Structure formats: structure tokens, C-alpha cells
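Worksheet: the structure to be examined is printed underneath.
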Amino acid sequence: MTTQRALPGVLAAATLALASALTAGPAQAAPTVAGPSSSPAPARTELLPPGAGVNCTTGHFCASVWDPGANRFRVFYFYNCTRYYLSNWNGWGEAKNSQTGNATATLYGSGGNVLRTVPADNGVYAVDWAPVYSLRNC
């Protein structure tokens, strides 16, 4: 007798599970995380593992920022003298100015206000990129 009562319950549970699986729809892929970028594009970029130092070649202003999609730091090598607009730059990274002729790099906030300058002294500076919306490398 208990078998007869359990069978309808098992069938009902199986039917409910199947119905919920069918109405849930196909599995969705996890959303991709937009990595950091700049406009215009820099001279080049490269990915570095955590703890690796930035090797900024002469004539460049270099900036590293965490790239969550790659799970590494992305280093931007800015060469051409212009204003670069940044997208998806969050968290802490580094800036190193290896330009010649005392070219000072300037970091700007959302309203165009100067947040910080980085002298051309080959020093490595810690930078919180979250409030930085653009930079001018010269």
C-alpha cells in the first residue's frame, strides 16, 4: 500500500522538476567582463602576471591596471602626445613615465580636473585608476 502512495508522489515530483527545467530556458553564458581600454589606442599593450614589474621603454608613459577578464595586469604604453580617454580602469595599478625632455603626464578626473601629475623621472607611482577618466602623456 505504501508503494502505491509513493509512486504518484514520485511522478508528481519528476513532472514538477521537468516543468521547471523547461521553463527556465537554455543555460546562459556568464557575462564577459569588459577589460580596460583607451581611446585612442596606445602604442601597444601587454599582460603581466601579478608581481611583475613594468618595463617602460624610453619615450613612453606606461600605466598598468588590473584586467579582470584576463586575470592579469594590462600595461598600456602611451607614446604619441595626446589626450587618452580611459574606459573600465578600476582599482590600483602603477604609472611610470620614461618620456624624454621632462614631459610630465597628467591624470584627469570626470570633470576634466587635474588629479595628479607624473614626472618623467622613471619612478614607479601607485595610482588608484577609479577616479581617472583621461590622461595626457605629455
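Things to note:
- The range 68-83 - residue that is surrounded by fewer than 20 Cβ atoms within 10 Å (Cβ to Cβ) and not polar (S, T, N, Q) and, of those, nearest to Asp121 (Cα to Cα): Tyr79
- Filtering the range 45-62 to residues that are under 18 Å from Asp128 (Cβ atoms), of a type in the set (A, V, I, L, M, F, W, C) and part of a loop (DSSP other than H, G, I, E, B) leaves only Val54.
- The condition (being buried (at least 17 other Cβ atoms within 10 Å of the Cβ), of a type in the set (Val, Ile, Thr) and part of a loop (DSSP other than H, G, I, E, B)) is satisfied by just one residue among Val132, Val65: Val132.
- The range 80-106, residues that are farther than 13 Å from Ser64 by Cα and basic (Lys, Arg): Arg83
- Filter result for Thr106 (among the polar types (S, T, N, Q), part of a strand (DSSP E or B) and within 20 Å of Arg44 (Cα to Cα)): yes
- Residue list for the range 91-109, restricted to those being under 18 Å from the mean Cα position of the chain (by Cα) and either among the small types (Gly, Ala, Ser) or surrounded by fewer than 16 Cβ atoms within 10 Å (Cβ to Cβ) (or both): Gly91, Trp92, Gly93, Ala95, Gly109
- For the range 92-103, filtering for residues that are in contact (Cβ under 8 Å) with a residue 24 or more places away in the chain and outside any strand (DSSP E or B) leaves 4.
- Scanning the range 111-120 for residues that are exposed (fewer than 12 other Cβ atoms within 10 Å of the Cβ) and either among the small types (Gly, Ala, Ser) or not in a strand (DSSP E or B) (or both) turns up Gly111, Gly112, Asn113.
The numbers here are math on the coordinates, done by the rules we state, and not lab data. Model, not experiment: these values are computed from the prediction. Because the Cβ atoms are built from the backbone with ideal geometry, glycine has one as well, and the counts that use them run over all protein chains shown.
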